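Read-outs throughout are calculated quantities, based only on the coordinates presented, and are distinct from any laboratory measurement. Keep in mind it's a predicted model, so treat the numbers as computed, not measured. All Cβ positions, glycine included, derive from the backbone under ideal geometry; neighbour counts span all protein chains shown.
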Amino acid sequence: QVQLVESGGGLVQAGGSLRLSCAASVRTFTIFSAYTMGWFRQAPGKEREFVAAIRWNGGSTYYSDSVKGRFTISRDNAKNTVYLQMNSLKPEDTAVYYCAAGNSAVNSYAGSYDYWGQGTQVTVSS
């Protein structure tokens with residue numbers, strides 16, 4: 001029903017910026033508009049953690065404390081695309097970043113999301 005493809009990852013120096021994109025392919029827009037889109041990340045040896053989420057309807061957002069003030073999640077409804085603008089990147093931001101979609105309220109629980117992308121690697125060097 002929903003296919004997600006992330007892009008925009010890469011290597012960047014500390015303090016730099018990257019913008020990740022998540023292109024969503026959905027059956028119908030009316031169903032998709034009720035979904036929440038989220039970004040999660042997973043570093044080697046660590047559990048997958050929540051980064052940010054946005055609701056298609058109304059654009060309500062939610063951020064983890066570790067990225068709030070540095071990262072911004074946004075969406076382009078016409079393109080069915082979600083973005084994660086990452087500024088002031090730190091080495092500890094290094095991880096595989098995953099886009100997710102779920103028919104639920106904005107939240108930080110991975111189990112609430114039904115669809116996941118393949119992930120895109122973000123590496124921040126010092």
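Details
- Measuring how big the chain is from its alpha-carbon positions, Rg and Dmax come out at 13.6, 44 Å.
- Beta bridges per DSSP with both ends in segment 2-102, % antiparallel, nearest 5: 95 percent
- Cross-link partners of LYS46 among aspartates and glutamates (Cα-Cα below 20 Å; sequence separation of 8 or more within a chain): ASP65, GLU92, ASP93
- Extension gain, SER88 to ARG19: 0.36 nm times the residue separation minus the Cα-Cα distance gives 23.7 nm.
- Distance between the C-alpha centres of segment 85-107 and segment 24-80: 7 Å, rounded to the whole angstrom.
- Taking a straight line from the alpha carbon of LYS79, these lysines sit under 26 Å away, with near neighbours fewer than eight places off in the same chain left out: LYS68.
- ALA34/VAL5 FRET efficiency (R0 30 Å; Cβ-Cβ; nearest 0.05): 0.90
- Ellipticity estimate at 222 nm from DSSP helix runs (n ≥ 4, -39,500 (n - 2.57)) divided over the chain, nearest 500: -500 deg cm²/dmol
- Placing pseudo-labels 7 Å out from each Cα toward the beta carbon at LYS79 and THR61 gives an inter-label distance of 1.6 nm.
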